[in-house]
1. What residue, of 426, 493, is in a helix (DSSP H, G or I) and either over 33 Å from the mean Cα position of the chain (by Cα) or at pLDDT below 80 (or both)?
2. Can you pull out the residues in the stretch 983-999 that are in a helix (DSSP H, G or I) and touching a residue at least 24 places away in the same chain (Cβ under 8 Å)?
3. Scan the stretch 889-900 for residues that are touching a residue at least 60 places away in the same chain (Cβ under 8 Å), of a type outside the set (Val, Ile, Thr) and under 20 Å from residue 992 (Cβ atoms) and report the count.
4. Among the residues of the stretch 180-211, write down those that are at pLDDT below 70 and either surrounded by fewer than 16 Cβ atoms within 10 Å (Cβ to Cβ) or among the β-branched types (Val, Ile, Thr) (or both).
5. Of the residues in the stretch 706-736, how many are closer than 23 Å to residue 824 by Cα and either at pLDDT below 85 or part of a loop (DSSP other than H, G, I, E, B) (or both)?
6. Residue check, residue 447 against (1) closer than 18 Å to residue 600 by Cα; (2) buried (at least 20 other Cβ atoms within 10 Å of the Cβ), all met but one. Which one?
7. Quick one: which of 440, 459, 466 is modelled with pLDDT under 80, over 21 Å from residue 562 (Cα atoms) and assigned by TED's automatic domain parsing to the domain that holds residue 524?
8. From the list 946, 878, which residue is out of contact with any His (no Cβ under 6 Å at 6 or more places or on another chain) and surrounded by 15 or more Cβ atoms within 10 Å (Cβ to Cβ)?
Amino acid sequence: MKNTALRFTLKFLFSLLAVAFAAQITVTLTDARFGDYIRQIAPVYGVSIAIILLGGYRYLAAIFLGCLLPALFEDQHYLLILSIPFAVTLTAALAYRSLIYLKVDLRMERIRDALFVIFVGLVLRTLLGALVQTLFFSRQWNLLFFNQFLELLFTNWLSAAVGAIIVTPFILTWARPAGFRLVGRQGVEVCLWFLTLLLFGHITFQNWAPTDTLFYPMELAIFPIMAWSAIRFGLRGASAGVLALALLAGWEIVRVLSGLGSGMTQSPANVWIFVGIVSVTSICLASVMTELRIRESQILENETRLSAFTEALPDIAFVLTRTGEIRDIFAGSARIEANHRIVSAERAVGRNIADIFEADVCRGFLDTIERTIRSNEIRKHEYSLMSADVGEHVFEARVTPMRRSVGGASSVVWVAYDISERKLAEMAIQSRDKILRATARANNNLLTTQDVSQAVGAAMREVGQALNVERGFIFEVTDRTHEAFQNFCIKHEWRLNDRLPSFWGDPLYQDSPLEEFCPDWYQLLASGRHIEIDGLQKDRRSMDILRYFNSRSMLVVPMWMEGKLYGFFGVDHCSRTHEWSDGEIYAVRVLSTSLSGLILIREQERLLRAAKETADAASSAKGEFLAIMSHEIRTPMNAIIGYTDLLAQTDLSEIQSEHAAIIKRSGRALLDLINNILDYSKIESRSLELEVREFDLEQVICESLESILVAAKEKGIKVDYDMDDDLQEAYIGDAHRVRQVLLNLANNAVKFTAEGEILIRVELEANEADLAYDRLHFIVSDTGCGIAEDKFERLFRAFSQVDSSTTRVFGGSGLGLIISKRLIERMDGEIWVKSQVGEGSQFHFRIHLLRTDHEVRTHAPFASQAASDDSLEVSFAATYPLRILLCEDDKDNRWVIRELLEMLGYRPNIVESGEDALEQLKHRAYDAVLMDVRLPGLSGIELTQAIRSGAEKIEKADQDIIAVTAYAMNEDREKCLNAGMNDYIRKPVEIIELKDALRRACQSSRA
């Protein structure tokens, strides 16, 4: 940065001194007509304009100060002192702006640029400077006459313009960094020219002084001398000659003014006009010559390039007429000419193409030429010629019409390119693309065809047809762990036709010793190398191998499976020899890799399928075992709980009633344990499916709390629920699983709460991710004993309690919370707990439920919900009269259900099998049938399906059938309903469920 500022400062000072020096020269050369104030020539204009053109506006201050400096030492009025600085500065600024606007190249190497510099930048802009200068003088001298003003203006303009024309081109030309060297004869020529110029200039200007006229015709000799410099030495010589001529004229004028020469009676304006004309002529001529030299150089360079291009052409170019006459030929070498059957280009010019090419080739040429000339557009033509060196050559011609200034084209330029190699490459690419497409189709067959043999055969057929081979085969190498005893056997084969030899059925290709028939093949294949036998080898080993495989040429690549050599894949020709290309080898390798992968995948699929079948069988056996065990346990439990209910309806002592209650509670606890084990088993086996149905959220909460009311009342615990008003009335989801989670949490709350209350609260949380779903936050809180924070992690483990004393005090299997957690996770939710010892617990879970956009209803308080009705009163039958058929094969269950129905006031008909039930239904109509599912002979499901399908005709076609079964899983209920049953009751039969089912049956019969 400092160096840049220093350089600018030095340039600024140098410019200031140069302008001051030029201004002082202006002061020296005064015009006798105007005293010491008006100058004959003002080179300060030329110096200033050149400085601004080279350096820009930043040197304006240097110009102004340089012009002002000499005037300060003269005793003049301030207007005369300021006239030169203002005029010169304004002229330089306007000249720079004008030439920049006109985009003039200051090197003046074109006549356009030289004319703009001289006449626009110098002559016209100095007129403005002279006008400013004249206005200053007129103001000082009070010139009132217009002719006086014009004479003064013309004198100032002449001095400024001539000074600029002399100095500016010299500075612009010599300021360029290009070097100028005078070497040898050119130096002598320059010296001779310069001495001649000085001699003729001295004679011319010396004669002017006594006569006030130039020495004719000596002044005319100046023009050819200056033309000499312009033509031979260019702009630098011309500008230097102009400056020398001006200095010589000034020298003679100074001698006259100083009294050393003759006196002067008139203005020396004619001398400076003469010098100006010589300057303009010389500069313009030099610019013209420079432009011509540049154009000649460009033409020479273009010719050199064209010549080099023509010589470097890989092919040939013709100039052909419409009739096929050869006007010119361009070829880089004799070999290229020979490819077009041209012995000599010189001899071929003037001949017709019909003398050189065949008739069909000539027709193609003439047709293309005619179409090109008619359309006046570039055309392409492809043709082939037979040559003596390598046979057929294929050419592509680019045909361009030769347009004329008058009339249409009558000939064309025919540039032909040898595209033989490109054609071969295109054929290779097409062959490769064909092979790649075949490989892709082969891979697709491998991926989409289940049968391995069909997939491999289809893949080998695709690639075999693309490679144009006759056979494809896969051999497996066995006993691969013992390198010295490898056998190989045929696994897959493809043949182009049935006439070709086959490997199947021939014992030679079934577990034959590999080393005996194919020596060294195992080592080569194990190292990853391929084996190719093209049939051209004459060694005995290759011939024996080909004979053994009934082949003429073959290609074999290794097949790998899990890093070990599986065998080899090969293709061959049985009828001809063939030299295998890299593309063919690559394609066979790719297919080999794909075949290896397919075989490996299919083998792994087979193993996985077997493992899956084993696991499915185990899972099915486990599920069937659990279902059977559930059925077998529930069947006697139905009798136990049923007899307990019947016993409770009799007159019992207080101790007997307590014993009966204990029996019922124990049976119900056993049923809950069975249900939990079944649910947990299904969840862990990932076979649990969620229902997607619309349900009433408040009803689900109430049903969950109804199940704990009895236990809560016994302990004096208040039970309630609360819901946000913004919640929907109904949602879409699995109501059964939501109820199950709430029931598990509520049961735990009752179990661990001695006093206080249990509250279920449901809150609606913002859900911006999906507006179709609501995010519901459930909170089940109690005022029980609470849980220590360090025990939280044990809550959601299977068969786990908070501590070992929990089971002894409160009971339980430890499955309720883990089942709840798994169910919530299946619903894409989360569950967590907050608790403090002695203050109670809060179990939170959050799930997303699909909205139905029903209107929100006002929630009725839970206190208004009806209490559970498990009483057995004879009046129930009078309220809901029904004709009932009971079909039950188990004697104890049959007796219990009958007793329950009779205590409700009914007199049911009883049968023990499906066949008996069908017989009853054919002869009598019943309002409800209590049907056991598992019956000897015709099962309840089969009987219902037969009735619903119409296969069995009964008295009442729309018979109401209620399933009564010990199969208690959810899918069992769905199975019964899908078979056509109207309702479902699980064993052990609960009085409440039985009465509800009978109510629904009565309502259905009345409808």
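The values are calculated or read from the model by the stated rules, or taken from the named source; none is laboratory data. Quick caveat: nothing in here was measured; it's all calculated off a predicted structure. Note that each Cβ is placed from the backbone with ideal geometry, even for glycine, and that neighbours are counted across all protein chains shown.
1. It is 426.
2. Hits for the stretch 983-999 are 991, 992, 994, 995, 997, 998, 999.
3. 3
4. Of everything in the stretch 180-211, those that are at pLDDT below 70 and either surrounded by fewer than 16 Cβ atoms within 10 Å (Cβ to Cβ) or among the β-branched types (Val, Ile, Thr) (or both) turn out to be 180, 181, 182, 183, 184, 210, 211.
5. 10
6. Checking residue 447 against (1) closer than 18 Å to residue 600 by Cα; (2) buried (at least 20 other Cβ atoms within 10 Å of the Cβ), the one that fails is (2).
7. 440
8. It is 946.
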